[in-house]
Amino acid sequence: MGGASVTTLVLKRLVSGLVTLFLVSLMVFVGTEILPGDVAEAILGQQATPDAVQALRDKLDLDRPAIERYGLWLWDFAHGDLGQSLASGREVSDLIAGRLGNTLFLALTAAIIAIPVSVGLGLLAALYEDKLADKSITISTLIFVSTPDFLIGYLLLLWGAVTLGWFPALSRISDSMSFIEQLHAIALPCLTLALVVSAHTMRLTRAAILSVMNQPYIEMAELKGATRQRIILYHAFPNALAPVLNIVMLTLAYLIVGVVVVEAVFNYSGMGRLMIDAVSKRDMPLVQACGLIFASVYVALNLTADILSLLANPRRRRPK
Amino acid sequence: MNQRKMGVWARPDRRTFLKSTAAAGLLTLGLPKIAAAAPQSGGRLVLGTTGGGAGDSLDPTKLTSVGHGVIGYTLANGLTEIEKDGELVGELAESWESSDDATKWKFNLRKGVTFHDGREMTSADVIYSINLHRGEDSASGAKGLLTPITDLSADGPHAITVTLSSGNADLPYLMGDFHLLILPDGTTDYAAGMFTGPYMLKEFVPGEKLVAVKNPNYWKPDRAHVDEVEILFIDDTTSRISALITGEVHVAGRVDPQSAALIASAPGVGIENHPAAGHRPLLMQSDSPPFDNADLRLAVKYSLNREEILDKVMAGFGSLANDHPIPPFDPFHAADIPQRQYDPDKAAHHLKKSGFDGKLELHTSNVTFAGAEAMAALFQQTAAKGGLNVEIIREPSDGFWSNVWMKKPFISGSWGGRPTADIMLSTAYASDAKWNDTAWRREAFDQKLAMARAETDFDKRKAIYHDLQMMIHEDGGAAIPFFTNNVDGVRDEVQGYYPAGSFEMSGMRIAERVWLTA
């Protein structure tokens, strides 16, 4: 019976995910349309002649009405054809393939470092609430959470690449590099991302656990004489797992979607740079594809979080 | 003191200067002076450049940025080449001649030049390559340069003739444009990167990098010294400069003035700082109120404190301009026109004469260049002393070129250098120019400009260009405070760099000119 409700929930979520993706594609399209400027001008640069601009506009069908262009794109997309980049004429899927892999590699490596560390620190902070450990963890993460990611990136660049010379300033990876070499190449952007997201995750974990700590059953456990450590690990943490899982999934989503700035700082060839480039060139099919991939990642991870929290907490499977 | 330091900074050859003092130091220690180093072969040169995107291709008609130009000249050659001191020399064209009125031209092609696959280059290849940029549906950046060509035909396998609709003594310069790369007749697959140039394509990842290996059969005997070249697109200035300092790239193009001082003080790196023709004018639309009044235009020009702008906005990296677009190093520069100085009294005089007593709205955005808003703020201050009331309106960078430029009456503008005086004046100051961004139209100017273009005698030509610069200086709608410099960061192991033409990175031909010391 519990299984059935999980299936319905997943189905419901999948449908609403599709609706979300459609709305996202519509918004991305409207967004690129209302941006000032023009694809042809953006591609040819400021110094292009008006003749050349008009020639390119004709070539790209830009003089057709917006709704028609969107309809054509959507039709192709629904048939599995991501279309061709306006700027280069290359298949969007080719452009994205390698870069999506790079972004996932960077994001997952950062997640593998950041998530256990920050969840652990959150637990620790909750365990020693208002003690020295909690205060120092809270203050140091507050510092990172309030520092913009590009600044952390530049500071790490200065320290790790320019001053110490341990890591490269340009994070370039290729298939010919060994796994260890690739890890070395992405060390600085990975550390930047880990620092940025750890702060959020740690603070949310701590808050989730502490909010459970106010529940009557915790008080009961205290009254029966359990230690604080035992209460947190065996009573509070399993119940806080649902929000913590949500946090972890959101963190993962942020890592994949939010790497734009970090990629620029370390000249890392991922989806972020591709999307910036596509937006500045008004390359609608490419922006759409990037936007939809990012949106799908969000939807999929949220769905996973929901399912996992259902499995983690049987009570949530029963309708109230 | 600061002023003096800036003076040294502005010297075009600071790096050479530092190097020669170092060499002098060696001499006094009694060490033998190393003879002017002969080029060394070998090594792997890594260049950090700008202007790449995922949409890049090796199709010559699609080149737009300096980074694209560097790629182009790594793989390919043009008909002509701009050398040291702006001298024009033949590249794939060995020599050229023209009719007296400069309407008919013959370019003799170099014999025995082969493409990377061993095929010999002939006139058919040249004609095909140039025709790619011509015609109705060309979207090439060079289309405008080539519109005067009415006919292009082969004169045997090793010569082409070009017929123009009106005389143009600069045609050989135009043929040196970085789009006009020569590829084999009938090429449709540009991804192969098949050209005649110093290096052969190994790998190209659009927007990221290009790797090329030495062409063993390269026809220039004293060029292409390194075994392999890698060109990286690094658009973030900070990471480009970091990579230079850590040694991940040997050369970083387009260093901003603020970072240049830092680079010069870092060990193992120096800067190449050379005058260029780019300029950052305040543009006034001269055909409509309030700027249809010549006195108001002069009031604006006298209100600019050029030294202060050059010093504070550009950290001294540039040279003073005199309200016309022809830079001091151009052979046709009119040096005897007195430099216009900041003069609040004269500004007040012309302002009063103009009868204008309102507020001038200056539309600006840092998309034109990184210091545009700072320059506008300085202008606002200095203009106020002469009684000119300026309000700064910051425009969004997106769409600035389509919605503000050539539309609002008073804006911050930006021009890159043009290879010749004629191209600069025909593109921005001729009455029918599509980018006449000051809406300044004078029949007398147009006539003289056409005369100068067709004149083949240098002195007569120079005299006409002098008058043209004078007309813009006195009457034109552009207040031009300074010309930019090209500033590249270069590691000490890179030798043989020299400036050439209006583009950075040794006129974008750095890959075949420099070599690496071990």
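The values are calculated or read from the model by the stated rules, or taken from the named source; none is laboratory data. Source: prediction; values computed, not measured. So basically every Cβ, Gly included, is an ideal-geometry build from the backbone, and we count neighbours across all protein chains shown.
Here are the numbers for the structure shown:
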{"quantity": "2 or more residues over 30 Å from residue A:92 (Cβ atoms), without any contact (Cβ under 8 Å) to a residue 24 or more places away in the chain and under 22 Å from the mean Cα position of the chain (by Cα): qualifying strands (runs of 3 or more DSSP E) within segment B:56-106", "calculated": "B:88-90"}
{"quantity": "Matching entry among B:319, B:426, B:354 (being closer than 29 Å to residue A:42 by Cβ and of a type in the set (S, T, N, Q))", "calculated": "B:426"}
{"quantity": "Count of segment B:323-357 residues which are part of a helix (DSSP H, G or I) and buried (at least 20 other Cβ atoms within 10 Å of the Cβ)", "calculated": "3"}
{"quantity": "Extreme residue, modelled with the highest pLDDT, among residues of segment A:192-244 that are of a type in the set (Ser, Thr, Tyr) and assigned to a helix (DSSP H, G or I)", "calculated": "A:192"}
{"quantity": "Matching strands (runs of 3 or more DSSP E) fully within segment B:221-306 where at least 1 residues are under 26 Å from residue B:376 (Cβ atoms)", "calculated": "B:269-279, B:282-284"}
{"quantity": "Filter result for the condition that a residue is under 26 Å from the mean Cα position of the chain (by Cα), within 19 Å of residue B:292 (Cβ to Cβ) and at pLDDT below 90, over B:433, B:428, B:439", "calculated": "B:433"}
{"quantity": "Tabulated pairs, segment B:133-158, first more than 7 Å from chain A (Cβ to nearest Cβ) and closer than 19 Å to residue B:453 by Cα, second small (Gly, Ala, Ser) and loosely packed, with under 12 Cβ neighbours inside 10 Å, C-beta under 6 angstrom, 6+ apart or interchain", "calculated": "B:148/B:165; B:150/B:165"}
{"quantity": "Residues satisfying the stated conditions in segment B:162-210, i.e. within 13 Å of chain A (Cβ to nearest Cβ) and buried (at least 18 other Cβ atoms within 10 Å of the Cβ)", "calculated": "B:177, B:178, B:179, B:204, B:206, B:207, B:208, B:209"}
{"quantity": "All positions within segment B:480-518 that are assigned to a helix (DSSP H, G or I) and within 13 Å of the chain's Cα centre (by Cα)", "calculated": "B:504, B:505, B:506, B:507"}
{"quantity": "Positions within segment B:200-220 being assigned to a loop (DSSP other than H, G, I, E, B) and within 25 Å of the chain's Cα centre (by Cα), in sequence order", "calculated": "B:206, B:207, B:208, B:220"}
{"quantity": "Residue list for segment B:403-442, restricted to those being polar (S, T, N, Q), outside any loop (DSSP other than H, G, I, E, B) and closer than 20 Å to residue B:330 by Cβ", "calculated": "B:426, B:427"}
{"quantity": "Within segment B:443-462, tally of residues that are part of a loop (DSSP other than H, G, I, E, B) and surrounded by fewer than 18 Cβ atoms within 10 Å (Cβ to Cβ)", "calculated": "2"}
{"quantity": "Test for residue A:95: is it buried (at least 17 other Cβ atoms within 10 Å of the Cβ), assigned to a helix (DSSP H, G or I), within 14 Å of another protein chain (Cβ to nearest Cβ) and modelled with pLDDT under 85", "calculated": "yes"}
{"quantity": "Filter result (of a type in the set (Asp, Glu) and within 12 Å of chain B (Cβ to nearest Cβ)) within segment A:126-177", "calculated": "A:175"}
{"quantity": "Scope segment B:211-231; condition surrounded by 18 or more Cβ atoms within 10 Å (Cβ to Cβ) and of a type in the set (Asp, Glu); matching residues", "calculated": "B:230"}
{"quantity": "Subset of segment A:3-52 [under 29 Å from residue A:308 (Cβ atoms), polar (S, T, N, Q) and either modelled with pLDDT under 70 or surrounded by 14 or more Cβ atoms within 10 Å (Cβ to Cβ) (or both)]", "calculated": "A:5, A:20, A:25"}
